[in-house]
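Chemist: Okay, here's the structure, questions in a sec.
The values are calculated or read from the model by the stated rules, or taken from the named source; none is laboratory data. Since we're looking at a predicted model, the values are computed, not measured. When we count neighbours, we look across all protein chains shown, and the Cβ atoms used for this are built from the backbone with ideal geometry, even at glycine.
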Amino acid sequence: MEENFTTKDNLIKHYGFTEADFEQIKALDISLDKIEGELLLFQSGIPKITLERPATINDGIVKLSNEEFQNFADFFDVRKEILKLKKFVPASGAATRMFKFLIEFLIDFNHENESINAYINRKKDKNLPIFLAGIEKFPFYDEIKAKVKELHEDYYSLESHEKSYRFIKTMLSSEHFDFANKPKGVLDFHKYETEITSPIEEHLNECAFYASSNSVSHLHITVSDHHEDLFKTIIERVKQKVEEKSKIKLHVSYSYQDKRTDTIAVTPGNEPFRNEDGRLIFRPGGHGSLINNLNNLDADVIFIKNIDNVIQNHIQEITLYKKGLAGVLIDLQEHIFKILESIENNEITEGNIPVIIDFMQQKLNIDVLDDFYKYTIENKLEFIKNKLNRPIRVCGMVKNEGEPGGGPFWVRSYKGNVTLQIVESSQVDAQNSEQLEILAKATHFNPVDLVCATKNYRGEKFDLTQFIDPSKGFIVHKNNKGKDLKGYELPGLWNGAMAKWITVFIEVPLATFNPVKTVNDLLKPAHQPQNGN
């Protein structure tokens, strides 16, 4: 007779878990079933995605004229006063990658025996010369230079390369500015005539422009618990000024990435990874964890944008396209709600169905298999309701200019359904030449410019966790104190976490995409003063 093992028994038998492990897991409030599922994923591997073709203009991506964008923006302005709007900004990550080449410089530079130019030549470093050439243009230059002069009485007698070295060291030192360990959202990004602003301030300004109704705007930020005070200090300092200038009342709320979404780490051989004290190692589940934060928000329309994608110039242009995307969302939602209400009221006849199916295919990119037409009318209506009664996202897409990251593709599921998805290159089988060829033909890039509707036609909030594709997570290779490990990251927030949403892609101009991935990006025109600013 086959034994009926519990999850706990399996973890003990197959992975050597101890009572101390279970006490640790209980304290973390992580379920044993979740841990077992992750351990099985490491063993089986995560299936690669199957690309059907790239989404292109008129095949998954809609191209609107400026006049059409303006019409949708005007439509949004008319509708928004009866809606609660919210802007959602993931901002918990530290700025470590932004300063990566400077951190490497401080580690590897032989300060006593070589010049900075010798280091640049030795390392073939292309980033450091750009940083040094533009150093006076960074918004934080004056403040750091003043600190360096305070620390070094001999400052004016130092050679130029020595001043540069001490500037970088002071900027990254934990005793002074510690930029690489602070969140991007609180760093100085933009220098105006009378002030220097951080990304979170720019997001507050944007809220007033496009994410407000009835003179009220709601901004929700996901932060690390140990960084929350940094954000609050800035917002308390500038909030009143933004409100007085915009005549918009700003409400700011915060949440943390739920620790219960942390995932277990394993060795390269898929055994639970333990630290020197023998304790299990758990890692943050990645930005896909934030679907829980999004799920807790109560709003009719939610704008999503990354913390580092802000702009110093052309805010009016950005506003037009953000409002335009929101107008498209509301227009589609009204059509969807009308269909769902008609189904509920038994008002749909067989003759209405071809028009509905055409709308689903042409406007919502919903795949309808040929077998559909053999269904009874009851099954047809059930199919339509299932496909339409879902959260909706309208995503801006920019032309691919060689930026790394995800893009829009038609993806085929193992059941044969084809859906529009945002795909990361790591989800594609690097050994499959046909898949790589499709990946290389991508014409557009995902700038994380989303407008979402998360309520159904009855005004009830969807449970967003029901629309995740759990097979779209990521196995990542990391290091812990010199030892290799494998980690599991949850399906990305705009990848697998939204895989089962109604999805519409709209082309937006490259001007709407101004991320700061490295500190040198702050030297680009979008982040530099113009016209006397």
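Chemist: Do the conditions hold for GLU437, that is, is it surrounded by fewer than 17 Cβ atoms within 10 Å (Cβ to Cβ), closer than 29 Å to SER65 by Cβ and modelled with pLDDT under 95?
Modeler: no
Chemist: Would you call GLU228 within 27 Å of the chain's Cα centre (by Cα) and in the same structural domain as PRO90 (by TED's automatic domain parsing)? Please lay out each step first, then the result.
Modeler: Details: within 27 Å of the chain's Cα centre (by Cα): yes; in the same structural domain as PRO90 (by TED's automatic domain parsing): yes.
In short, yes.
Chemist: Would you call VAL508 surrounded by fewer than 21 Cβ atoms within 10 Å (Cβ to Cβ), assigned by TED's automatic domain parsing to the domain that holds ILE291 and either touching a residue at least 60 places away in the same chain (Cβ under 8 Å) or within 30 Å of LYS415 (Cα to Cα) (or both)? Outline the logic, then answer.
Modeler: Working: surrounded by fewer than 21 Cβ atoms within 10 Å (Cβ to Cβ): no; assigned by TED's automatic domain parsing to the domain that holds ILE291: yes; either touching a residue at least 60 places away in the same chain (Cβ under 8 Å) or within 30 Å of LYS415 (Cα to Cα) (or both): yes.
When the stated conditions are applied, VAL508 does not pass them.
Chemist: Restricting segment 388-421 to residues that are aromatic (Phe, Trp, Tyr) and modelled with pLDDT of 95 or more, which is nearest to the chain's Cα centre (by Cα)? Let's see the steps before the verdict.
Modeler: Taking segment 388-421 and keeping what is aromatic (Phe, Trp, Tyr), we get 409-410, 414.
Restricting the remaining residues to those that are modelled with pLDDT of 95 or more gives 409-410.
Numbers: PHE409: 17, TRP410: 20 Å.
Taking the candidates together, the pick is PHE409.
Chemist: Going residue by residue through segment 295-306, is there one that turns out to be part of a loop (DSSP other than H, G, I, E, B), of a type in the set (Asp, Glu) and closer than 30 Å to ILE196 by Cα? Give the steps one after another, and end with the answer.
Modeler: Step one: of segment 295-306, the residues part of a loop (DSSP other than H, G, I, E, B) are 296-300, 306.
Subset that is of a type in the set (Asp, Glu): 298, 300.
Those still in the list that are closer than 30 Å to ILE196 by Cα too: none.
Looking through segment 295-306, none of the residues is part of a loop (DSSP other than H, G, I, E, B), of a type in the set (Asp, Glu) and closer than 30 Å to ILE196 by Cα.
Chemist: Restricting attention to segment 408-466, which residues are hydroxyl-bearing (Ser, Thr, Tyr) and closer than 28 Å to LYS517 by Cα?
Modeler: Within segment 408-466, SER425, SER426, THR443 qualify.
Chemist: Do we have LEU493 as surrounded by 17 or more Cβ atoms within 10 Å (Cβ to Cβ) and closer than 30 Å to ILE336 by Cα here? Quick ask: steps written out before the conclusion?
Modeler: Numbers: surrounded by 17 or more Cβ atoms within 10 Å (Cβ to Cβ): yes; closer than 30 Å to ILE336 by Cα: yes.
Yes, satisfied.
Chemist: Which condition number in (1) part of a helix (DSSP H, G or I); (2) in contact with a helix residue (DSSP H, G or I) (Cβ under 6 Å, 6 or more places away or on another chain) is the one that LYS87 fails?
Modeler: (1) is the only condition that LYS87 fails.
Matching residues to (1) more than 20 Å from PHE513 (Cα to Cα); (2) in contact (Cβ under 8 Å) with a residue 60 or more places away in the chain:
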| site | (1), (2) |
| --- | --- |
| GLY286 | yes, yes |
| ASN295 | yes, yes |
| HIS314 | no, yes |
| ILE318 | no, yes |
| LYS322 | no, yes |
| GLU347 | yes, no |
| VAL355 | yes, no |
| PHE359 | yes, no |
| ILE366 | yes, yes |
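Chemist: So which of ILE30, ILE25 ends up being assigned to a loop (DSSP other than H, G, I, E, B), of a type in the set (Val, Ile, Thr) and over 30 Å from GLU437 (Cα atoms)? Before you say what the answer is, go through the steps one by one.
Modeler: Details: ILE25 fails: assigned to a loop (DSSP other than H, G, I, E, B).
From the options ILE30, ILE25, the qualifying one is ILE30.
Chemist: Right, here's the next one. State yes or no: is LYS191 of a type outside the set (Ser, Thr, Tyr) and either buried (at least 21 other Cβ atoms within 10 Å of the Cβ) or assigned by TED's automatic domain parsing to the domain that holds ASP300 (or both)? Steps first, please.
Modeler: Values: of a type outside the set (Ser, Thr, Tyr): yes; either buried (at least 21 other Cβ atoms within 10 Å of the Cβ) or assigned by TED's automatic domain parsing to the domain that holds ASP300 (or both): yes.
Judged against the criteria, LYS191 is a match.
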